[in-house]
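Reading through the structure tokens given below for one structure.
Taken together, the values in this text are just the output of simple stated rules run on the coordinates, not laboratory data. Keep in mind that this is a model prediction, so the values were computed, not measured. Counting neighbours? That spans all protein chains shown, and the Cβs are built from the backbone with ideal geometry, glycine included.
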Amino acid sequence: MLILGIETSCDETAAAVVRDGREVLSSAVATQIAEHRIYGGVVPEIASRRHAEAIVPVVREALEKSGKTLEELDGVAVTYAPGLIGALLVGVNFAKGLSLSAGLPLVPVHHLRGHIAANYLSHADLEPPFLCLVVSGGHSHIVAVESYTRLSILGRTRDDAAGEAFDKAARAMGIPYPGGVELDRIAETGDDSAYPLPRPRVAGAPLDFSFSGLKTAALNLLNGAKQRGEEIDVPDLCASYRKAVVEYLIDHFLRAARETGMKTLAVAGGVSANRLLRRRLTALCAEQGYRLCMPELSLCGDNAAMIAAQGYYELLNGRTAGMNLNALPQRSIEEG
Ligand code: KG4
Ligand code: ZN
């Protein structure tokens, strides 16, 4: 089955053609990051306008690269939640028009389910059940993937998401948006024991996360140093902060693995590109006998191949939408 995926939930306009949820025939991504950088974050209205400009050329590019025609497709999968509403609506409306004119089923896909499905593209033999650490710019979840379309949240963040925690600390250090990527690169040259940082706990919920305390501790270090006229060593702070976030994520994730007895683990979302997270998890999983799956780097960030992959499984499960499909800024991954 050939699925065309469309993704416009944040600052990437993307389209892709995927066969049977596993094989990427083409993937096109037009990023707006440079444009949002001057504002220090994504400006929703600018994002919507850029999606409106880019959607047709990006979909055309994905179709051309795949060597397939619209007639050969079996469905159009589109991210409909969660995300920036104006941005989502561009993709949803475009997908509706295409579905209507080409007579193809319209498949609504939850963005985070898509991130998880990036693993199906990178690991041909990965099948549920497995446990997934989903860490993006907007969400941090520990998810039990019971089947392709039945997922349950075991742990979640109470405040900031992991990517947000990276981006905010980076911003305070003067690193341009999206700071998480650059913070990770700079951290490679720093001493990760230079600045002690807390490992927050959420009372009574050992699998939940709270990143705001960690972020505040980093901000206090920066402000305190400034007031005293001292210099903060940016690579050292990046390394210390990255270590704190990554150890915290892994600690909870492996606790969930022990509690559930699941032996196959996966990571997903933009933060799954983090170098330290990948290195540490690889080492710990090898040591403790877990199978670890991670998306290849090109599939960690937002893309449409992952949406087409999940769309395939949603369609197999009978999930289609009518022409009244709406976009939703918030929606649980469990509801799909
Ligand atoms: O999944 P994603 O591309 O978009 C959302 O769905 O939110 O995630 C973007 C987030 C940003 O916060 C970005 O800073 C973070 O992922 N990110 C990273 C790295 N690459 C992307 N954070 C830490 N280390 C990285 N290498
Ligand atoms: Zn994402």
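Worth a mention:
- Lys/Arg +1, Asp/Glu -1 at C-beta; the chain dipole; positive extreme among I6, S66, Y177: Y177
- Calculated FRET efficiency, V56 to R228, Cβ-Cβ distance, R0 = 45 Å: about 0.25 to the nearest 0.05.
- Positive contributions from Lys and Arg (+1) and negative ones from Asp and Glu (-1), summed over other residues with Cβ under 11 Å from the Cβ of P105, come out at -1.
- FRET efficiency estimate (nearest 0.05) - Cβ-Cβ, L284 to T189, R0 30 angstrom: 0.80
- Taking GluC sites (Glu not before Pro) across the stretch 163-270, the ones in a DSSP loop with at most 14 further Cβ atoms lying within 10 angstrom of their Cβ are E188, E230, E231.
- Against the main long axis of the alpha-carbon atoms of the chain, helix 275-288 sits at an angle near 90°.
- When exposed loop sites are taken as trypsin sites (Lys or Arg not before Pro) in a DSSP loop with at most 14 other Cβ atoms within 10 Å, the longest stretch of the chain clear of them is 1-149.
- Stretchable slack from R201 to N326, in nm (0.36 nm times residue separation minus alpha-carbon distance): 41.3 nm
- Between the listed residues S27, I38, A268, the Cα displaced farthest toward the positive end of the dipole of the chain, a dipole computed from Cβ unit charges relative to the Cα centre, is found at A268.
- The charge dipole of the stretch 128-298, taken about its Cα centre with unit charges on the Cβ of Lys, Arg, Asp and Glu (plus for the first two, minus for the last two), comes to roughly 420 debye.
- Whole-number percent relative contact order across the chain, with pairs defined as alpha carbons under 8 Å at least 6 apart: 26
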